[in-house]
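This report refers to the structure that appears directly beneath it.
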Amino acid sequence: MTALLEVDGLAKAYRGVHAVADVSFGVAAGAITGLIGPNGSGKSTTIDCISGFQRPDRGRVTLDGADITGLPPQRIARAGLVRTFQTVRVYDQFDLVANLLVAIEPFRTVGWHDALLRTGRYRAARAAAEARARELLDLVGLTRLAAAPASILSYGQKKLLALAAVLMSKPRLVVLDEPVAGVNPTRINEVAGILRKANEAGVSFLIIEHNVEFITGLCDRVVVFDQGRKLTEGPPAEVHGDPRVLDAYLGIDEHGDHVAEAS
Ligand SMILES: Nc1ncnc2c1ncn2[C@@H]1O[C@H](COP(=O)(O)OP(=O)(O)O)[C@@H](O)[C@H]1O
Ligand SMILES: [Mg+2]
C-alpha cells in the first residue's frame with residue numbers, strides 16, 4: 001500500500017546550514033500524523049518543502065503516487081495538499097464568509113468571462129462556494145460571526161477561520177503548523193474535535209505541534225525530528241516514553257540551541 005504522502009530523502013540547507021539533512025516518512029490515507037521535535041529541528045522547513053513554499057535541495061515528495069517535488073504552492077494545492085502557517089493569516093477587513101471565498105480564488109473553475117457576465121455557471125459556482133463556506137463556519141463554530149469582519153476575532157478564532165479556509169478546496173491532506181500554539185487551553189479540546197470531524201469526513205492531516213496532550217489524543221502516529229533528521233516514529237504513547245526523545249528535548253537550551261555535551 002502506498003501512503004497518501006511520501007517524503008523520501010528530503011534535504012534543505014540555508015546558506016550552508018542543514019535545516020533538514022535527510023528525512024523520509026509518510027502519511028497514510030485517512031491518518032492524523034504528528035510531527036514533533038525541539039525548536040530548530042527542521043519541522044517548518046520540511047513542511048515548507050512539502051507544500052512548495054521552499055524548494056528542496058534533494059529528495060522526493062509524492063502525493064497519492066504523483067511526484068509534486070518542487071512544484072509551486074498553487075499547483076500542490078490543486079493536487080490536494082494545503083497548509084496553514086505558524087503565524088495566522090486572515091484578511092482582517094473582510095467578513096468571515098468573504099475570507100473563505102478568497103481562499104478558493106486559486107481553485108476557481110469558471111473563467112473571468114463568466115464572472116464578468118454573471119452567467120448561470122458563475123452564479124452556480126458562487127452559490128456552491130458560499131454553501132461550502134457556511135458549512136465550514138458551522139464546523140469551526142463561527143456561524144454567528146459569519147458577517148462580522150475578521151478583525152473582531154480572538155487569536156484562537158482566527159486560527160479556526162484559517163483552518164476553515166484551507167478546507168474550502170476539499171483537500172485530501174492538510175498540513176498544520178502549530179494549530180493550538182497560543183490558543184486558550186480551554187479551547188484546545190474544541191480544536192481537536194474539529195480536526196477529528198474533518199478527518200472522519202475524509203481529510204488526512206500532518207500536524208506540527210508542541211502540545212503533548214493534544215498530539216497524543218489526536219494522532220495515530222508521530223514522527224520525531226531532531227537536528228534536521230528523523231529520530232524515530234511510532235504511536236504517540238510509545239514515542240513520548242522513548243528516552244532518545246526526552247534527550248532530544250532536554251538537550252536544548254531556552255534559545256533553541258543544542259547544549260554542548262560535557263567532555
Ligand atoms: N529562511 C531561513 N533562512 C535561514 N535559516 C533558516 C530559515 N528557516 C529556518 N532556518 C534554520 O533552519 C533550522 C530549522 O528551522 P525550522 O525548520 O524552522 O525548525 P522548526 O520548525 O523545527 O523549529 C534552524 O536552524 C533555523 O534557524
Ligand atoms: Mg517551526
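The values are calculated or read from the model by the stated rules, or taken from the named source; none is laboratory data. Keep in mind that what you see is a predicted model, and the values were worked out from it rather than measured. Reconstructed Cβ throughout: ideal geometry from the backbone, glycine too, with neighbour counts over all protein chains shown.
Values computed for the structure shown
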item	result
Test result for VAL259, β-branched (Val, Ile, Thr), at pLDDT 90 or above, touching an Asp or Glu at 6+ places or on another chain (Cβ under 6 Å) and within 16 Å of ligand 1 (Cβ to nearest atom)	no
Test: residue in region 149-164 that is more than 16 Å from ligand 1 (Cβ to nearest atom) and more than 20 Å from VAL88 (Cα to Cα)	no
Options GLU209, GLU200: the member that is among the acidic types (Asp, Glu) and over 24 Å from ALA11 (Cα atoms)	GLU200
Single unsatisfied condition, LYS159 versus (1) assigned by TED's automatic domain parsing to the domain that holds GLY26; (2) surrounded by 17 or more Cβ atoms within 10 Å (Cβ to Cβ)	(1)
Test: residue in region 89-102 that is in a loop (DSSP other than H, G, I, E, B), more than 16 Å from ligand 1 (Cβ to nearest atom) and under 19 Å from SER44 (Cβ atoms)	yes
Residue in region 60-79 that is within 16 Å of ligand 2 (Cβ to nearest atom) and either part of a loop (DSSP other than H, G, I, E, B) or basic (Lys, Arg) (or both) present	no
Per-region count, region 37-65, residues hydrophobic (A, V, I, L, M, F, W, C), touching a residue at least 60 places away in the same chain (Cβ under 8 Å) and more than 9 Å from ligand 1 (Cβ to nearest atom)	2
Members of region 46-59 found to be of a type in the set (D, E, K, R) and not in a loop (DSSP other than H, G, I, E, B), listed by number	ASP48, ARG58
Qualifying position, being crowded, with 20+ Cβ neighbours inside 10 Å, touching a residue at least 24 places away in the same chain (Cβ under 8 Å) and assigned to a loop (DSSP other than H, G, I, E, B), among VAL180, VAL174	VAL180
Selected residue [in a helix (DSSP H, G or I), modelled with pLDDT of 95 or more, of a type outside the set (A, V, I, L, M, F, W, C) and away from ligand 2 (no atom under 16 Å from the Cβ)] from ARG134, ARG187, ARG123	ARG134
Filtered residues of region 42-59 (kept if acidic (Asp, Glu) and within 16 Å of ligand 2 (Cβ to nearest atom))	ASP48
Residues of region 135-165 satisfying the condition of being under 24 Å from VAL212 (Cα atoms), touching a residue at least 60 places away in the same chain (Cβ under 8 Å) and in contact with a helix residue (DSSP H, G or I) (Cβ under 9 Å, 6 or more places away or on another chain)	LYS158, LYS159, LEU161, ALA162, LEU163, ALA164
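Let's see how each residue does on (1) part of a strand (DSSP E or B); (2) surrounded by 15 or more Cβ atoms within 10 Å (Cβ to Cβ):
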{"residue": "ALA11", "(1), (2)": "yes, yes"}
{"residue": "ASP22", "(1), (2)": "yes, no"}
{"residue": "PHE25", "(1), (2)": "yes, yes"}
{"residue": "ASN39", "(1), (2)": "no, no"}
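Yes/no matrix, rows are residues, columns are (1) modelled with pLDDT of 95 or more; (2) in the same structural domain as PRO72 (by TED's automatic domain parsing); (3) among the acidic types (Asp, Glu):
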position	(1), (2), (3)
VAL7	yes, yes, no
ARG15	no, yes, no
VAL20	yes, yes, no
GLY26	yes, yes, no
ILE32	yes, yes, no
GLY42	yes, yes, no
ASP48	yes, yes, yes
SER51	yes, yes, no
